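The values are calculated or read from the model by the stated rules, or taken from the named source; none is laboratory data. Everything quoted here is computed from the prediction, not taken from an experiment. All Cβ positions, even for glycine, are placed from backbone atoms using ideal geometry, and neighbour counts span all protein chains on display. For accessibility, only protein heavy atoms count, side chains too; no ligands or nucleic acids. Shrake-Rupley method; radii C 1.70, N 1.55, O 1.52, S 1.80 Å.
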Amino acid sequence: MTAIQHFDVGNRRIAYRLRPGASPTLVFLPGYASDMEGAKALALDAFAERRGLAMLRFDYSGTGSSGGSFEDGTLAVWLEEALAAIDRLTDGPLIVIGSSMGGWIALHVALQRAHRLAALVGIAAAPDFTAWGFPDHLQLRLSSGETLRRTSPYGGEQVTTAAFWCSGQQLLLLNDEIAIDCPVRLLHGEDDGDVPLDVALRTMHALRSADVQLNVLKGGGHRLSEPHEIDAILRTVAGLLEPAP
């Protein structure tokens with residue numbers, strides 16, 4: 001396994017693992033309150049090692065091995081960190097792979113670094129979840145400055161700050177065309193209880209690219225971390241590496 005290294009974005013100490021190798025570099029963006037040591041990230045890193053590809057994975061500030069407080073994080077802050085990691089640590093073409101919230105960030109990365117994107121992969125991608133993921137009464141509480149603390153379905157406490165919610169509301173994508181032209185592959189669980197399948201369909205239709213495919217995994221939940229689901233993710237990335245016929 002590659003060693004943990006660090007770089008700074010402002011006063012935030014960001015932990016990352018960078019595997020040297022050939023282009024395109026795989027970049028993994030974790031989901032909300034997740035980190036670079038999850039099952040999907042590790043499987044992709046092993047895939048990169050087998051293929052001799054470069055791969056970058058990192059922890060947003062306040063998560064995993066990075067410094068800072070989670071409650072100081074916002075979508076804009078974590079997007080800034082993703083762009084800084086890509087700009088400082090990688091060269092050449094990229095395949096950006098985003099899980100859940102990381103899929104939302106990946107779309108913004110593709111918009112802002114279009115010249116670098118060879119392809120984008122969204123795994124249960126959750127663009128705009130600050131809009132559709134909270135009923136009106138919770139959005140009212142967030143808009144008034146309250147921090148929400150709820151029980152996570154995956155254990156522990158799920159924290160959503162007003163600052164994070166406001167940041168997300170300023171970075172919404174699904175109400176307009178998403179001006180991304182590279183190949184995009186979306187994988188989504190049929191039974192995803194956190195991100196409705198309709199979000200994947202809306203994302204597919206909003207993307208400007210003509211090369212967009214949505215793979216719905218029968219019976220799949222939100223995490224898509226079962227062995228056959230990870231195999232589907234790896235097959236998707238492998239397909240993007242093959243030359244066009």
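Structure above, values below:
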| quantity | calculated |
| --- | --- |
| Single unsatisfied condition, Glu146 versus (1) more than 27 Å from Leu26 (Cβ to Cβ); (2) modelled with pLDDT of 95 or more; (3) not in a loop (DSSP other than H, G, I, E, B) | (3) |
| Condition broken by Gly10, with the remaining ones in (1) open to solvent by 70 Å² or more (accessible area, probe 1.4 Å); (2) in contact (Cβ under 8 Å) with a residue 12 or more places away in the chain; (3) of a type in the set (Gly, Ala, Ser) satisfied | (2) |
| Among residues of region 99-143, those that are assigned to a loop (DSSP other than H, G, I, E, B) and on the phi < 0 side of the Ramachandran plot, counted | 7 |
| Any strands (runs of 3 or more DSSP E) falling wholly within region 150-245 and containing at least 3 residues that are open to solvent by less than 20 Å² (accessible area, probe 1.4 Å) and modelled with pLDDT under 95 | none |
| Inter-residue pairs, beta-carbon under 9 Å, first on the phi > 0 side of the Ramachandran plot and in region 217-234, second at pLDDT below 95 and open to solvent by 30 Å² or more (accessible area, probe 1.4 Å), 6+ apart | none |
| Candidates Ser100, Ser69, Ser65, filtered to the one that is crowded, with 19+ Cβ neighbours inside 10 Å and closer than 30 Å to Gln169 by Cβ | Ser100 |
| Per-region count, region 81-98, residues under 17 Å from Asn11 (Cβ atoms) and small (Gly, Ala, Ser) | 2 |
| Selection status of Pro24, open to solvent by 40 Å² or more (accessible area, probe 1.4 Å) and in contact with a helix residue (DSSP H, G or I) (Cβ under 8 Å, 6 or more places away or on another chain) | no |
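Each row is one residue, and each column tells you yes or no for (1) touching a residue at least 12 places away in the same chain (Cβ under 8 Å); (2) of a type outside the set (Gly, Ala, Ser); (3) touching a strand residue (DSSP E or B) at 6+ places or on another chain (Cβ under 6 Å).
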position	(1), (2), (3)
Arg17	yes, yes, yes
Val27	yes, yes, yes
Met36	yes, yes, yes
Ala39	yes, no, no
Leu42	no, yes, no
Glu49	yes, yes, no
Gly52	yes, no, yes
Phe58	yes, yes, yes
Leu75	yes, yes, no
